[in-house]
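The values are calculated or read from the model by the stated rules, or taken from the named source; none is laboratory data. Keep in mind it's a predicted model, so treat the numbers as computed, not measured. In this analysis, Cβ positions are derived from the backbone assuming ideal geometry, glycine residues included, and neighbour counts consider all displayed protein chains. The protein model used for the area step is the full one, side chains on, heavy atoms only, and it has no ligands, DNA or RNA in it. Shrake-Rupley method; radii C 1.70, N 1.55, O 1.52, S 1.80 Å.
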Amino acid sequence: MAQPLISDQTAKLLREAWYKYLDTVESARAPLYRYYRRLTGHIWDAEDLLQDTLLRGFGAIGRGEVISESAQVRDPRSYLFRIATNLWIDQVRRRGFDPREWDLPRTAPQADRSIETREAASVLMSVTSPQERAAVVLRDVFEFTLEEIAAMLSTTVGAIKSALHRGRANLEKKTEMTRTAYRVPSRELVDRFVAALNARDIEGVTKLLLDTTILEVYGIGSERGKNMTHYRVTFENAKGLPGRAEAKCFGGEWLILVWAGPPSKEVLINVERVEEEQGQIAQIRSYYFCPEVIIEIAAEIGAKAWSSPHGQNQPPETQARIAASALLPWVTR
C-alpha cells in the first residue's frame, strides 16, 4: 500500500500552524477587508482577496521569506497590507481589469439598488491605475505613512507623492460605472435548497447536489461530492436548537441566510452562496467563519449578527476552530 503524500501527523501540525497564524493576524483582518472593499467595491471580491492574502502571508512566513525582516513579522498589519496591495495589483494586471466595463445587475429589487449604487461608487470609479487607487486608499483611509506605502509598492516616497496627486485628481473625474453580476442560481433552486435545510432533510439536500459539487467553508476547508458529511453532521448537531434558513436577494443575487435563536431574538450566523448547473447545485460557498461578511449583510438588512458566533471568552479565530471541530468533521485540532 502506497504511503500517503502527507501523513496525518504532518497534516495536523499544518492545521495547528494555520490556526495559530490566523489567531496572530486576527487584528489585521477587519482592516484588510475594508481595504479590499474600498478597492473592489464588492463584498464577495473583497472576501476572496482577503482569503488569498491570508493564505499567501502564511505561505511566505512558512517559506522563510520574512525571516530577515523581523519588523514585518512583529507588525502583521503592515506586512499583510503589503501582500494585499501586491495581490490586488497583480490581479488587475492579470485580468486586464477595466472598471469602466462593469455592469450592475438590472433585475435586483428596489430595496437593494442603494447597495449596488454605493458599491459601484466606492470602487474609485475613475481612470486611476491600480497603484494609484491603492496609494489613495492606503493614505487617505488607513493613514499609512508615505514611507510605509512606498515599501508596500516597492517604490520611492517621491513616486508615491506623484501617485497620490494623480489619483486624487482623477477621483474628481468619476463617471457612472456598472458591474458584471456574479452568475447566480435560480430562485426556484434556492427555495428548494432552503426548504430541505429547514426540514433538515438530508435526502432532500443530497438530491439537489451533483457528484462533483464542491462545498467551500472559507478559511477552514472544503468537501466534494453528493454524499458530503457536512450537512448530515450539522443536522445532527442542531437537533432541538431553534434556527432556520432563508432565501434573501442581496445585490441582485439570491443568498441563503442562516439564523439562530428564538424568533424574537434571531441573529444571523451564516451566509451561503450557491452556483447552479443543470438545475442542481454545483458549488456552495459558506461564510460562517467570515465575520466581516456576516456583519455587513446583517447591517444592510437591518438585522443582528452573532457578534461571537464561535464561543465565549475567546478570540474570534480561536472560537472558530473550537466550533469547527464539531461543525465540520474534516477539521481536527
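With respect to the conditions (1) of a type in the set (Ser, Thr, Tyr); (2) out of contact with any strand residue (DSSP E or B) (no Cβ under 8 Å at 6 or more places or on another chain); (3) modelled with pLDDT of 85 or more, Thr318 falls short on a single one, namely (3).
Of everything listed in (1) touching a helix residue (DSSP H, G or I) at 6+ places or on another chain (Cβ under 6 Å); (2) more than 16 Å from Leu197 (Cβ to Cβ), the single unmet condition for Gln278 is (1).
So in segment 1-44, with the set limited to residues that are hydrophobic (A, V, I, L, M, F, W, C) and not in a helix (DSSP H, G or I), which one is farthest from Ala60 (Cα to Cα)? Per the criteria, the residue is Met1. Give segment 280-300 a look and list any residue that's open to solvent by 30 Å² or more (accessible area, probe 1.4 Å) and over 17 Å from the mean Cα position of the chain (by Cα), or say none. Correct list: Gln280 only.
Among the residues that make up segment 137-154, is at least one of them modelled with pLDDT under 75, open to solvent by less than 50 Å² (accessible area, probe 1.4 Å) and of a type in the set (Phe, Trp, Tyr)? Yes, because at least one residue in segment 137-154 is modelled with pLDDT under 75, open to solvent by less than 50 Å² (accessible area, probe 1.4 Å) and of a type in the set (Phe, Trp, Tyr). Out of Ala247, Ala298, Ala260, one residue alone is farther than 22 Å from Val205 by Cβ, in contact with a strand residue (DSSP E or B) (Cβ under 6 Å, 6 or more places away or on another chain), small (Gly, Ala, Ser) and touching a residue at least 24 places away in the same chain (Cβ under 8 Å). It is Ala298.
Contact map, segment 1-27: residues that are within 17 Å of Gly221 (Cα to Cα) and open to solvent by 60 Å² or more (accessible area, probe 1.4 Å) paired with residues that are at pLDDT 80 or above and in a helix (DSSP H, G or I), Cβ distance under 9 Å, separation 6+ or inter-chain. Pairs shown: Ile6/Leu14.
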